[in-house]
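Engineer: The structure is given below, and queries will be raised subsequently.
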Amino acid sequence: MAPAFSAQVSALRRGALRARWVTAALFSSGILAGNKPVLVRDFVRSALYDPNHGYFSKRAGPVGVLDASIRFNQLEGRSAYIQHLDKLYKKHDIAWFTPVELFKPWYAYAIAASILRTANLSVPLKIYEIGGGSGTCAKCILDYMMLNAPPKVYNDMKYISVEISSSLAEKQLETVGEVQSHLSKFTVEHRDAINRPGWGRKDPLPCWVLMLEVLDNLPHDLVYSPDQVSPWMEVWIEKVNGSSQASEVYKPLQDPLISRCVDIIGMNEDKASVSEKLAFAAKGVLSKVFPKPRRAWLPTGCLKLMDTLHQALPSMSLIASDFSYLPDVSIPGDRAPLVSSKKDGKTSDHRNYLDAQGDADIFFPTDFRLLEQIDHNCSGFSKEQKNRGAFKPVKKRRTIILDTAAFMEEFGLPLKTRTKDGYNPLLDDFKNTKFYLSVPTHNVPTHNRK
């Protein structure tokens, strides 16, 4: 083992290691205040949501709002669509149009149709939307229910938006208020959906929870190992010698949320099977010759949010949509994010996540199989039999992962987003997006069960 590498491993085993992953001005900008080290998830949360310095708080419109729906059937094909989109981005000078905005009302109509097809209509329909953006999804779903659901369903329904941004909460009321009758059914709660107290008492009644492009901006943690076999370490961020610069510090796993996430993913070598331990031993030999550092991003914000939802709304049905992978990611690590900022109409990607100082989006891909594992774990399901001879554990959720195209073909009207030559941007350009549907097992009709 090389002397420098040996010293690095020794430092890890003593309890902490400082990295040369440094950036300037984090503390002076207000993203990180004080002298105490913070976990990466706290840095991400501050960079995105801090009331004074965060990306979504400083910008009233990081996500754009279209003045009118795009008439796809009047566009010749892909080139015409790209040109039209380019004009829209230049006109609005925003960072991003969400799919629900680009394809309004049809994107939200498909979600509404999926709810109406499977909801228990013997109780009043209640829908929670987390991170509702400009309110377009809420308005379009309420429109759909008003036009297509039995009158009693629309008249008795409640739609609650849980929004962390005060400016977006105001915008949602404005958007939904374009139809006067919607306002009596719509409420905005300005709070962080991750915090359990905000949900009040447990509600055992059926409801729906929507999370559209929410998972990608939830806080994540980062773990590090200097080689293929050394234990995973938590990554913390601290000031460098009292300056405004910051660097990473590595500590043994001790945070409960990180440790739980590591267990769910199966990263803990202590619980490996015999075959996995043999492979691990082979890696150990290789690591002595060719040590290769490892980094992995953990969706601890998602884990905490799913915990909260299952505790507060145990009978919820969940619909989530997001990006399953992101192209051209230069930041290292499994499930690493894109960090991008926009200035003078030009978007720039950063190679260091610490560059995010409230002026950059931190955007993670969603591992949908991992989301499914987290969902089952938070619902109380465990693969391990606690008592010998006991019944095999039964999952409490029925789940399915669908490509966006498959979801839209099942519940939507794909003809509405097709151009003259047959090109369909919703089906053709969003192949790196998926939908996740999860319902309680007792809500699933027998003939639909696997």
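The values are calculated or read from the model by the stated rules, or taken from the named source; none is laboratory data. Every value quoted in this text rests on a predicted model; they were computed, and no experiment measured them. Counting neighbours? That spans all protein chains shown, and the Cβs are built from the backbone with ideal geometry, glycine included. Note: accessible area is taken over every heavy atom of the protein model, side chains too, but ligands, DNA and RNA are not part of it. Shrake-Rupley method; radii C 1.70, N 1.55, O 1.52, S 1.80 Å.
Engineer: Please name whichever of P219, L173, S230 sits farthest to the positive end of the charge dipole of the range 163-240, dipole taken about the Cα centre and charges placed at Cβ: Lys and Arg +1, Asp and Glu -1.
Structural biologist: L173
Engineer: Give the calculated FRET efficiency between V240 and E174 to the nearest 0.05, with a Förster radius of 45 Å applied to their Cβ-Cβ distance.
Structural biologist: For V240 and E174, the calculated efficiency is 0.50.
Engineer: Can you pull the one-decimal nm distance between simple spin-label points at R369 and T187, each 7 Å off the Cα toward Cβ?
Structural biologist: 4.0
Engineer: Using protein chains only and a probe of 1.4 angstrom, how many square angstrom of S315 are accessible, to the nearest 10?
Structural biologist: Roughly 20 Å² of S315 is accessible to a 1.4 Å probe.
Engineer: Then there is this: Quick check on my link table: of K126/K416; K90/K139; K185/K343; K304/K434; K36/K431, which ones sit more than 32 Å apart, alpha carbon to alpha carbon?
Structural biologist: Exceeds cut-off: K185/K343; K36/K431.
Engineer: Fully extended, how many nm does the chain gain between L413 and K292 (0.36 nm per residue separation, minus their Cα-Cα distance)?
Structural biologist: 38.7 nm
Engineer: I need the calculated FRET efficiency for the pair S330 and D421, taking r as the beta carbon distance and R₀ as 25 Å, to the nearest 0.05.
Structural biologist: In this case the efficiency is close to 0.10.
Engineer: At 7 Å along the Cα-to-beta-carbon direction for both S79 and N148, put a label point, then send me their distance in nm to one decimal.
Structural biologist: Roughly 3.5 nm, to one decimal.
Engineer: OK, next. Give, in nm to one decimal, the length gained when the segment between A68 and R201 is fully stretched (0.36 nm per residue of separation minus the Cα-Cα distance).
Structural biologist: Residue separation times 0.36 nm, minus the Cα-Cα distance, leaves 43.9 nm.
Engineer: Let me ask something else. Among the GluC sites (Glu not before Pro) in the range 36-133, which ones are in a DSSP loop with at most 14 other Cβ atoms within 10 Å of the Cβ? Mind listing them?
Structural biologist: E76
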